[in-house]
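S.K.: Just passing along the structure, written as structure tokens.
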2 protein chains.
Amino acid sequence: MKKSLGPNTLVYPTPVLVVCTYDNEGNPNAMTAAWGGICCSSPPCVAISLRKATYTYGNLMSKKAFTINIPSEKYVREADYFGMVSGKKEDKFAKTGLTPVKSDIVDAPYISEFPVNLECKIIQVIELGLHTQFIGEVMDAKIDDTIQEKGEPIIEQIKPLIFALDSRNYYGIGKQIGQAYSLGNEIGKEINS
Amino acid sequence: MKKSLGPNTLVYPTPVLVVCTYDNEGNPNAMTAAWGGICCSSPPCVAISLRKATYTYGNLMSKKAFTINIPSEKYVREADYFGMVSGKKEDKFAKTGLTPVKSDIVDAPYISEFPVNLECKIIQVIELGLHTQFIGEVMDAKIDDTIQEKGEPIIEQIKPLIFALDSRNYYGIGKQIGQAYSLGNEIGKEINS
């Protein structure tokens, strides 16, 4: 049986995406967003949603660019901090000691220490209510050059974080369950047997 | 050091969302989408992106409604199958034996056996390129009534799937890493010590 929870965005999993921007003085800022994901393969686009009240909102509207940076498990404290404090009040890069690198492609910095960086140009801004959705076309994706050299899957080397809405806990990636575009074949077999 | 991969939607994690719709004859269909996520808290909205070529695309344009259904690990074969086969060719509910339940709120079915169902009304359609993004306002969220009665976090009871882009494998949720809006406090302490 199901019970109703009312209007609620009960989606699992949600990602932990660190969005980096420059302000009008050229100061780098980072904030953490769990509202976002991929929204198009060609052109490659990602979506992030954030509130107008954030410092990042003004930076996005002004610079029309951002980066998405995927923290690995070992940067969970930094990722959490980026989501707790406003860039209006603190220099978050100075406080964490992480390194902002100026993108050659878009007017935004990326985080050197995080294993994956997506450099994005804003192509659409969609007002939805409390949150505004920014759609960024990925102009380049960068990855640590130590990754992919080993035999194990990239996701297991990156060790990305997951945010659990209900308990507000971070989780890691669990065990491999099976191959996509393959497990589904067992459905037909069962019926035919 | 970073290496460049070119324009690429390298986002981790991506979710496994099963999107259900009715066609014009009232037949239920289900497809799996990994391009999507939460996009607004108020009104509560979720976004899913899919290709025009899918059967679901026509259903969405016609009915202006869908449900998002979160499969738990034990339904990984069904979720994979829903993403492999088109509703133009097969009755996916008949083949999997899963139960479509007609929503009382929107013109779409939800999957009885999946632990979470979001009933959504389409409020925006955004053409991006290969994919079209549908933004749905969540009119109601439903959850198995066996969930939340135990003490453990909801995400650990749901056991949602993660899709890994690179290896095209499904993963489960891993271990709890720590509390959000709390771990970040350690950053300040370190600096001050």
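The values are calculated or read from the model by the stated rules, or taken from the named source; none is laboratory data. All of these numbers come straight from a predicted model, not from anything done at the bench. Glycine gets a Cβ as well: all are built from the backbone with ideal geometry, and neighbour counts include every protein chain shown. All accessible areas refer to the heavy atoms of the entire protein, side chains included, with ligands and DNA or RNA removed. Shrake-Rupley method; radii C 1.70, N 1.55, O 1.52, S 1.80 Å.
S.K.: Sort B:Asp144, A:Asp80 by accessible area with a 1.4 Å probe, largest first.
M.R.: B:Asp144, A:Asp80
S.K.: Can you list the copy-to-copy distances for B:Ser182, using a point 7 angstrom from Cα toward Cβ, in nanometres, shortest first?
M.R.: In nanometres, ordered from closest: 3.9.
S.K.: Let me ask something additional. Taking a label point 7 Å from Cα toward Cβ, how far is B:Lys3 from its twins in the other copies, in nm, shortest first?
M.R.: Here B:Lys3 shows inter-copy label distances of 5.1 nm.
S.K.: Still on this structure: Can you work out the Karplus-derived ³J(HN,Hα) for every residue in segment A:131-138? Use 6.51 cos²θ - 1.76 cosθ + 1.60 with θ = phi - 60°, whole Hz, and x for glycine or proline.
M.R.: Along segment A:131-138, the couplings run 10, 10, 9, 10, 9, x, 7, 6 Hz.
S.K.: Sticking with this one: If the only charges are +1 at each Lys and Arg Cβ and -1 at each Asp and Glu Cβ, what is the size of the charge dipole of segment B:11-166 around the Cα centre, to the nearest 20 debye?
M.R.: 480 debye
S.K.: At B:Asn185 and B:Leu5, where each label point lies 7 Å from the Cα along Cα→Cβ, what is the point-to-point distance in nanometres?
M.R.: Reported label-point gap for B:Asn185 and B:Leu5 is 3.6 nm.
S.K.: Let me ask something additional. Taking the Cα centroid of segment A:1-72 and of segment B:137-182, what is the distance between the two, rounded to the nearest whole Å?
M.R.: 20 Å
S.K.: While we're looking at this one, here's another question. Taking amide hydrogens as modeled 1.01 Å from N in the peptide plane, which residues meet the under 5 Å criterion relative to A:Gly174, leaving out close sequence neighbours?
M.R.: Amide H neighbours of A:Gly174, under 5 Å, 5+ apart: B:Gly172, B:Ile173, B:Gly174.
S.K.: In cubic angstrom, how much convex hull volume per residue do the alpha carbon atoms of chain B span?
M.R.: Given the Cα convex hull of chain B, per-residue volume reads 170 Å³.
S.K.: In nm to one decimal, list the spacings between the B:Lys102 label point and its equivalents in the other copies, with label points set 7 Å along Cα to Cβ, shortest first.
M.R.: Listed shortest first, these distances are 6.3 nm.
S.K.: What FRET efficiency, computed as 1/(1 + (r/R0)^6) with R0 = 30 Å and r the Cβ-Cβ distance, is obtained for A:Ser112 and B:Ala53, rounded to the nearest 0.05?
M.R.: It comes to 0.15.
S.K.: Taking only the alpha carbons of the protein assembly as shown, what extent do you get along each of the three principal axes, in Å, biggest first?
M.R.: 62, 40, 36
S.K.: Rounded to the nearest 20 Debye, what is the dipole magnitude of segment B:69-134 about its Cα centre when Lys and Arg each give +1 and Asp and Glu each give -1 at the C-beta?
M.R.: 160 debye
S.K.: Scale the Cα Rg of segment B:74-168 by the rule-of-thumb value 2.2 N^0.38 Å and send over the ratio, two decimals.
M.R.: 1.25
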